[in-house]
């Protein structure tokens, strides 16, 4: 699975995001060990603590399908001038499910936007040790 295909899937599913409050349409996708792409979108709630990031929706859905994540992509509007990367909660879930070497791809919402790459471990350098 190419990073381009994974980012395209994340970009495509953004239209399904439930964002009545922030209007911050984020989409994510996971490449699984079954060579499938699992989408995820941000789902907001009037009670902010009940909202869920697109990345965790995709990661949790991967588990529900009985698969293991191999890579994660996030497409979201920029935060200020910077790319939006997964938050700490999403990185912790990614660490537990995919490990510190799992690639993470980020891109902005423009179709022609470049793709940046990192890993869970690079983005969460002091993350807790995970027993696998």
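Side notes on the structure shown:
- Over the chain, dividing the summed -39,500 (n - 2.57) contributions of all DSSP H runs of at least 4 residues by the number of residues returns a 222 nm mean residue ellipticity of -8000 deg cm²/dmol.
- Extents of region 9-81, largest first, come to 35, 27, 18 Å (Cα atoms, principal axes, whole angstrom).
- Distance between the modelled labels on residue 35 and residue 82, one decimal in nanometres: 3.8 nm (7 Å Cα→Cβ projection).
- Two-decimal log10 I(q)/I(0) for the chain, as the Debye equation yields it once each C-alpha is a single scatterer, q = 0.17 Å⁻¹: -0.82
- Contact order normalised by residue count of the chain, Cα under 8 Å, 6+ apart, percent: 21
- Ordering 7, 75, 30 by the number of other Cβ atoms within 10 Å of each residue's own Cβ, fewest first, gives 7, 75, 30.
- A simple spin-label model places the labels of residue 12 and residue 96 3.0 nm from each other, with each point 7 Å out along Cα-to-Cβ.
- Counting 0.36 nm for each residue step from residue 122 to residue 24 and taking away their Cα separation leaves a gain of 32.8 nm.
- Within a Gaussian network of the chain (alpha carbon springs, distance under 10 Å), most fluctuating of 97, 65, 83: 65
Bear in mind these aren't lab numbers, they're just calculated from the coordinates by the rules spelled out. What you are looking at is a predicted structure, and each value in this text was computed from that prediction instead of being measured. Every residue, glycine as well, gets a Cβ built from its backbone with ideal geometry; the counts of neighbours run over all protein chains shown.
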